[in-house]
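S.K.: My questions will all concern the structure given below.
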Amino acid sequence: MTLAIHNLLNDKTRLLLSVAGVALAVMLILILNGFLTGMNRQITSYLDHSPGALLVAQQGVENLLGATSLLPQNAADLASRTQGVEEVVPILSQFVILDLHDKKAPAYMVGYNPEVGGGPEKLGAGREPETDREVIFDRVLAERHDLGLGKRISILGKEFEIVGLSEETTSWMTSFFFIRKSAAEQLVRIPGATSFLLVTVEKSAEPESVASALGRAPGVDAQLKSKVAANDLTLFAKVFSAPLRMMVAIAFLVGSLVVGMVIYTATVERQREYGVLKAIGAGNRVLYQVVTVQALAASLAGSGLGVLLAAAAGRWIMAARPQFLVVLAPKDTAFAIAAGLLMALLAALFPARLVAGLAPAEVFRK
Amino acid sequence: MMTLAFRNLFHNRVRLVASTGGVALALMLILALDAIFTGVERQITAVIDNSGADVFVAQSGVRNFHMASSSLPASSVQAVESMEGVAAVTPILYLTNMVVIGEERNLAYILGLPEEANAGVAWKVSAGKALPGLGEAVVDRRIAENSGVGLGDPVEILGRKFKIAGLSEGTANITSSTAYISLQDFAALRGQGVVSYLLVQVEPGEIAAAVAKHIQAQLDGVTALPRQTFAAQERQVVKDMSTDVIAIMNLAGLSIGMAVMALTVYTATLSRRAEYGVLKALGARDAHLYRAVLAQALISVGLGFGLGVIFTWLLAQALLAMGSSLYLLISLESLVKVAAAALVIAGLSAILPIKQISGLDPAIVFRGK
């Protein structure tokens, strides 16, 4: 143990660089996973904060995002007459690509009735739309494009005035904006169109049984909002998990190489000392332990620093680009530290091979 | 000095492999992410590029397919057909939804095509037919294979069961695929009286941009764009969405690459400290030694850059062979950017060892240290 620590501390700059290498790799793994966790929260934010426990959609539609739904004209009436239903909130929603200052900004349009609900949960500034030419814009998206209250934007060829700025309605992929449902009907050119119903059930009723009763109406499906949120998460996870895993794997390999290189160099430099140890009877196992302890110590320090760096980098990213939410979940942190330790074990393989092949007599020849 | 740099670098092969490998992987982080988005940009416009249409007409303010929806009155078909320079108009219905095969749910562009569609049809079909009839669907072959189904099997689209009548090629990307059903089925499921886009073919000799301009001027509430512009707008959506993510990943790749290189050049210089001392004692100037260190860093980073490109290319080939929808395309722009990043890495990583050498006492060699 003493020998390992001595070897490691012998050159402080080298130790610092190796710790930095592992820290950067661990930080990258954490930030990548933090992005995904943050994105997951942002994706379900509207569903999480909108009224009701159930979502009624067109038959076959099991997502809010990623799918378009058009309910039969009488769906809201039928739903409100269903036993166990307390309140029905209709919304008309779909993705829209906005052209803001020559940049394409995908946004999710929600048409709602301010008197009934379905709008943003938090209004940071301004008020709800009172006319069909007024819009509540996401605050972060507005700031990114130098927009604010009173400014005008074009949505599907029609001019709207920003009268409110909503909070917690953004993600790096898309942001939400809210207009009156009647305005949305004009934009999609289908009078009376409704995409989804947000249904609140009576306290005495079971949401699942109300959902099955609602689902019996023609042309609709009713599901728990939590189920729809899970479906949205699965959909986006499917898209992003492959590139994300690839990036994490590369970061992991880089970290392993960094630790491996440092411990290898430290071992090469102390080759003679290891030879002496072998000559006086130290077994390979002892020398493996020395090498492994060095790798573990460098990795532990690097992992710890990596977690701190990730927390700092996460804050910096969110301050510089507020559309990103980086969440360092405890399980992700544990995973990154475990990855750091695994890097150490893999890294110890190189120098261990060197030590194993070392001839004890070598030292006496030099 | 170059010889010294080479000798220092190639003296220890394991260290050389680890350092160039580390730099290669760090640069690969930048290259691979760029390649993913470039690949998506290419794949995402495949339906547009191969549509056979010269001009795309959409609802006013709609300039692409991805994450967009458009609604035009059915009367617009005749209005455009009668315009000068227009040879044929194919109205299509379009939206993004799920294609459900068994338990598998895949996001897809759903296109509703008329019986005698002149444009918008699947351009390459490996089995079955390209134009679906009533109750039929043409789906992407890869999506069908991954779900274990083929021709004649059922697929659920817009909440209704369809029979797979054709398997298309090149119609899937990392985010979604394309599924084709008949316009009549689509309209029955999503309401009549409107169409989403008009795919216009112009008369021979006519210029698409001029016809598009004419359509937009003559018809209220529409945006008409030539195919190339429409495709460019589609690519722009991906580009604008990914700019910030790419910037952050580039920074991460750059930092990691820098740490790896700094470590490599530092340890290589450290282990040759005595030799540098001898050179200094023999009268070598600091500037010569700095150049050797810098050359060492440049050679390492150059090798790492080459390896990084090879790794990314191999990864792209492996994904292609595995039938993955993740398509990596290395662009020249990306190569130039990564090469520039590599140069920055090499320059900065040489600072530490240069500092080491400048403080080196030539007498050290005589003291046996």
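S.K.: By how many degrees, 0 to 90 and rounded to 10, does the Cα axis of helix B:286-321 deviate from the longest principal axis of chain B?
M.R.: Helix B:286-321 sits roughly 30 degrees off the main axis of chain B.
S.K.: Hey, how many Å between the Cα centroid of the range B:59-93 and the Cα centroid of the range A:126-143?
M.R.: 30
S.K.: Diagonalise the Cα gyration tensor of the range A:145-247 and give the resulting equivalent ellipsoid semi-axes, square root of 5 times each eigenvalue, largest first, whole Å.
M.R.: Listed largest to smallest, the semi-axes of the range A:145-247 are 30, 25, 14 Å.
S.K.: Quick one: Debye curve from the alpha-carbon atoms of chain B only, equal weights, vacuum; give me log10 I(q)/I(0) at q = 0.07, 0.09, 0.13 Å⁻¹ to two decimals.
M.R.: The Cα Debye sum returns log10 ratios of -0.48, -0.65, -0.97.
S.K.: Placing +1 at every Lys and Arg Cβ and -1 at every Asp and Glu Cβ, with all other atoms neutral, what dipole size does chain A have around its Cα centre, in debye to the nearest 20?
M.R.: 1940
S.K.: Once you place label points 7 Å from the Cα toward the Cβ at B:Val336 and A:Lys158, how far apart are they in nm?
M.R.: 4.4
S.K.: Explain nothing, just compute: Karplus ³J(HN,Hα) = 6.51 cos²θ - 1.76 cosθ + 1.60, θ = phi - 60°, for every residue of the range B:33-49 in order, whole Hz, x for Gly and Pro.
M.R.: Taking θ as phi minus 60°, the curve returns 5, 4, 5, 4, 5, 5, x, 5, 4, 5, 5, 5, 9, 4, 5, 6, 4 Hz for the range B:33-49.
S.K.: As a test of the definition: which semi-axes, in Å, follow for the range A:126-166 when you take the square root of five times each eigenvalue of its alpha carbon gyration tensor? Largest first, please.
M.R.: One finds semi-axes of 15, 12, 7 Å for the range A:126-166.
S.K.: Taking the Cα centre of the range B:286-369 as the origin and placing charges on Cβ (Lys, Arg +1; Asp, Glu -1), which of B:Ala350, B:Leu335, B:Phe311 is farthest toward the positive end of the dipole?
M.R.: Toward the positive end, the furthest listed residue is B:Ala350.
S.K.: Additional query: What does the net charge come to around A:Trp172 if you take all other residues with beta carbon closer than 10 Å to its beta carbon, with K and R at +1 and D and E at -1?
M.R.: Value of the local net charge: 0.
S.K.: Add -39500 (n - 2.57) for each DSSP H run of 4 or more in the protein assembly as shown, then divide by its residues: what number comes out at 222 nm, to the nearest 500 deg cm²/dmol?
M.R.: Result for the protein assembly as shown, helices only: -17500 deg cm²/dmol.
S.K.: For the pair B:Phe6 and B:Leu320, what calculated FRET efficiency results from E = 1/(1 + (r/R0)^6), where r is the Cβ-Cβ distance and R0 = 35 Å, to the nearest 0.05?
M.R.: 0.45
S.K.: Here is a follow-up. Dipole of chain B, Cα-centred, from +1 at each Lys and Arg C-beta and -1 at each Asp and Glu C-beta, to the nearest 20 debye?
M.R.: In total the dipole reaches around 2460 debye.
S.K.: Moving to a separate point now. If you rank A:Arg245, A:Arg285 by fewest surrounding Cβ atoms within 10 Å, what's the result?
M.R.: Exposure proxy ranking, most exposed first: A:Arg285, A:Arg245.
S.K.: Would you mind ranking A:Lys181, A:Lys12, B:Lys239 so that the residue whose beta carbon has the fewest other beta carbons within 10 Å leads the list?
M.R.: A:Lys12, B:Lys239, A:Lys181
S.K.: Pop a pseudo-label 7 angstrom from the Cα along the beta-carbon direction at both B:Ala130 and B:Lys163 and give the gap in nm to one decimal.
M.R.: Placing both labels 7 Å along Cα→Cβ, they lie 2.2 nm apart.
S.K.: With only Lys, Arg, Asp and Glu charged, each at its Cβ (+1 for the first two, -1 for the last two), find how big the charge dipole of the protein assembly as shown is about the Cα centre; round to the nearest 20 debye.
M.R.: Charge dipole of the protein assembly as shown: 4220 debye, to the nearest 20.
S.K.: Which value in Å does the Kirkwood hydrodynamic radius of chain A take, with 1/r averaged over all unlike C-alpha pairs and then inverted?
M.R.: Radius from the Kirkwood sum: 24.2 Å.
S.K.: For the protein assembly as shown, give the share of DSSP beta bridges that are antiparallel, in percent and rounded to the nearest 5; count only bridges with both residues there.
M.R.: 75
S.K.: Can you sort B:Arg105, B:Arg141 by how many other beta carbons sit within 10 Å, fewest first?
M.R.: So the ranking, lowest neighbour count to highest, is B:Arg105, B:Arg141.
S.K.: Using the beta-carbon distance between A:Arg245 and A:Leu224 and R0 = 35 Å, what value does 1/(1 + (r/R0)^6) give for FRET efficiency, to the nearest 0.05?
M.R.: Step by step, r from the Cβ atoms, then E = 0.75.
S.K.: Also, I was wondering about something else. Using the Karplus curve 6.51 cos²θ - 1.76 cosθ + 1.60 with θ = phi - 60°, what ³J(HN,Hα) values do you get for each residue of the range B:197-204, in whole Hz, with x for Gly and Pro?
M.R.: Taking θ as phi minus 60°, the curve returns 9, 10, 9, 9, 10, 8, 5, x Hz for the range B:197-204.
S.K.: Any chance you could give the angle, 0 to 90 degrees and rounded to 10, that helix A:330-347 forms with the longest Cα principal axis of chain A?
M.R.: With both axes taken from Cα atoms, the answer is about 30 degrees.
S.K.: Remind me, relative contact order of chain B in percent, using alpha carbon pairs under 8 angstrom and six or more residues apart?
M.R.: Answer for chain B is 29 percent.
S.K.: What are the lysines whose alpha-carbon lies under 16 Å from the alpha-carbon of A:Lys181, with same-chain residues fewer than 8 places away excluded?
M.R.: Once the sequence-local lysines are set aside, what remains near A:Lys181 is A:Lys158.
S.K.: Related question: Exposed loop GluC sites (Glu not before Pro) only (DSSP loop, at most 16 other Cβ atoms within 10 Å): please give the longest stretch of chain A free of them, not including the sites.
M.R.: Formally, the longest exposed-site-free interval is A:203-366.
S.K.: Can you work out the Karplus-derived ³J(HN,Hα) for every residue in the range B:52-68? Use 6.51 cos²θ - 1.76 cosθ + 1.60 with θ = phi - 60°, whole Hz, and x for glycine or proline.
M.R.: x, 8, 9, 9, 10, 10, 9, 4, 3, x, 9, 10, 7, 9, 4, 6, 10
S.K.: Still on this structure, please answer the following. Points 7 angstrom from Cα along the Cβ direction at B:Leu329 and B:Ala210: gap in nanometres?
M.R.: Using points 7 Å along Cα→Cβ, the separation is 3.1 nm.
S.K.: Calculate the FRET efficiency for B:Gln192 and A:Leu9 from the Cβ-Cβ distance with a Förster distance of 56 Å, rounded to the nearest 0.05.
M.R.: 0.10
S.K.: From the residues B:Thr20, B:Ile36, B:Leu9, which one has its Cα farthest along the dipole of the range B:1-73 in the positive direction, the dipole being from +1 and -1 charges on Cβ of Lys/Arg and Asp/Glu about the Cα centre?
M.R.: Of the listed residues, the answer is B:Leu9.
S.K.: Going by alpha carbons, how many degrees (0 to 90, nearest 10) lie between the helix axis of B:227-271 and the longest principal axis of chain B?
M.R.: Helix B:227-271 sits roughly 20 degrees off the main axis of chain B.
Any read-out appearing in this document is the output of simple, stated calculations on the displayed coordinates, not a laboratory observation. These figures come from a predicted structure and were not determined experimentally. FYI the Cβ positions are ideal-geometry reconstructions off the backbone, even for glycines, and counts take in every protein chain you see.
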